[in-house]
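Encoded as structure tokens, the structure appears first; notes follow it.
Just so it is clear, none of the values below were taken in a lab; they were calculated from the coordinates. This one's a predicted model, so the numbers in the text were calculated from it and none came from an experiment. Cβ sites come from the backbone with ideal geometry, for glycine too, and all protein chains shown count toward neighbours.
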Amino acid sequence: MSVNLRHEELQLEQEKRRVALRRARELKARIDGYLKEKQNIPNGFEIQEEYCQAKAAILNYFQAGEEQWKDWHWQMTNRIRDVKVLGSLLKLTSEELEDIDKVGSTIAGSITLLSSTCHSRWSKRSCMVQAIPSIEETKDRYGAEDLWEKSLPHLPQLSPEDIPTDSLLM
């Protein structure tokens, strides 16, 4: 009996291993794009000089020093809310500035100074994706009108006149 039990335990362990290896292949397939691109992504050591130059430009722009830079209150007080300031610090194209301005007219936002130290071709793009809303966010295809008219067709469309006033909470 113990031989059969040991055999079953081994089979169970082998099945667990097969499942784990299949899941590992599945997860690795999900990050395939990253694995192909990872050698092109600079690390902090590689962009240290650019970071220092960007930081110096920001400190110069705000006429601030290292002590202020390290103070998160100062960072939050001086976060960038103006497209022109952002454009001058990140050296954005006129098209990028125009898009950010359009987004800013519908979505309120700001970017911290630390985030704005992104200057290299790769890091500037990653910074913008993480910190600055995209123009695509203003092209909402699932707004309130769609929600009521298309997503929930089974609900009756009531106008305010159709709602009995005695059912309203006063």
### Task
Note down the magnitude of the dipole of segment 48-137 about its Cα centre, charges +1 on Lys and Arg C-beta and -1 on Asp and Glu C-beta and zero elsewhere, to the nearest 20 debye.
120 debye
### Summary
Set LYS91/LYS139; LYS55/LYS139; LYS70/LYS91; LYS38/LYS91; LYS84/LYS139, cut-off 30 Å on Cα-Cα distance; pairs above it are LYS55/LYS139
## Note on the structure
A correct fewest-to-most ranking of LEU90, LEU97, LEU5 by other Cβ atoms within 10 Å would be LEU5, LEU97, LEU90
### Summary
With DSSP loop assignment and no more than 14 other C-beta atoms within 10 Å, the chymotrypsin sites (Phe, Trp or Tyr not before Pro) in segment 1-55 are PHE45
## Note on the structure
GluC sites (Glu not before Pro) in segment 1-108 lying in a DSSP loop, each with at most 13 other Cβ atoms within 10 Å of its Cβ, come to GLU46
### Task
State whether segment 52-120 is rounded, prolate or oblate according to the following rule on the C-alpha gyration tensor (a ≥ b ≥ c being the square roots of its eigenvalues): a/c under 1.5 gives rounded; otherwise a/b larger than b/c gives prolate, and the remaining case gives oblate.
oblate
### Task
Determine ³J(HN,Hα), in whole Hz, for all residues of segment 96-109 in sequence, where each value follows from phi through the Karplus function 6.51 cos²θ - 1.76 cosθ + 1.60 and θ = phi - 60°; x replaces Gly and Pro.
4, 4, 4, 4, 5, 5, 4, 4, x, 6, 10, 10, 6, x
